[in-house]
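Chemist: The structure follows.
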Amino acid sequence: MKSGESHQQDVEAAVPQSALAIDKMHDGIKIGGSTTNLGRLSARPCHFRSSSIPPMPDDDIFDRLMSELHRRATELPEGSYTTKLIRGGIPKMASKILEEAHEVIEAAGEPDQAGKEHTVREACDVIYHLWVLLASRGIDVNALRRELERREGVSGIEEKRRRGQENVS
């Protein structure tokens, strides 16, 4: 388990229940009442935007999170945990993904509702850290959607067989 201080640097994500709200006093965001310390962020980026930053939709927490991560990957704001991860390169991002994946597996073994809630929090940490890596590579939610749609209705065995054939060609 992480210390309280280092865990505050990570996303303390909650089940998406409400719109994104800014908590500037704590330099974080609120998602469903839980404050996440991601550094300085704005509910809406300023009028000047890089064309590489996807628009920030209002209706989907996943779209909003990915948009914010792309903004941070482009702007690299000082004091941002996301910036720290990106500047650490693939090794830093990979180690955090592996650490969080281990924690979600541990949480999944915990009993009762508390274990389920802990699993959700840890799963959100995995998503955050994975998505930082994706944003650093310019990959957005729509790319994930397209790939999942391509795989929809195809068994995992068939998908692996197809990928094996592509690698041979």
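Chemist: Quick one: Tyr128, Tyr81, fewest Cβ neighbours within 10 Å first, how do they rank?
Modeler: Fewest-to-most ranking of Tyr128, Tyr81: Tyr81, Tyr128.
Chemist: Quick one: which of 140-152, 114-126 comes out on top by average Cβ neighbours within 10 Å, and what's the full order, highest first?
Modeler: By packing density, highest mean first, the sequence is 114-126, 140-152.
Where a number appears in this text, it was derived from the coordinates with a stated rule and is not lab data. Quick caveat, the model's predicted, so the values are computed rather than measured. Please note: Cβ atoms are built from the backbone with ideal geometry, for glycine as well, and neighbour counts cover all protein chains shown.
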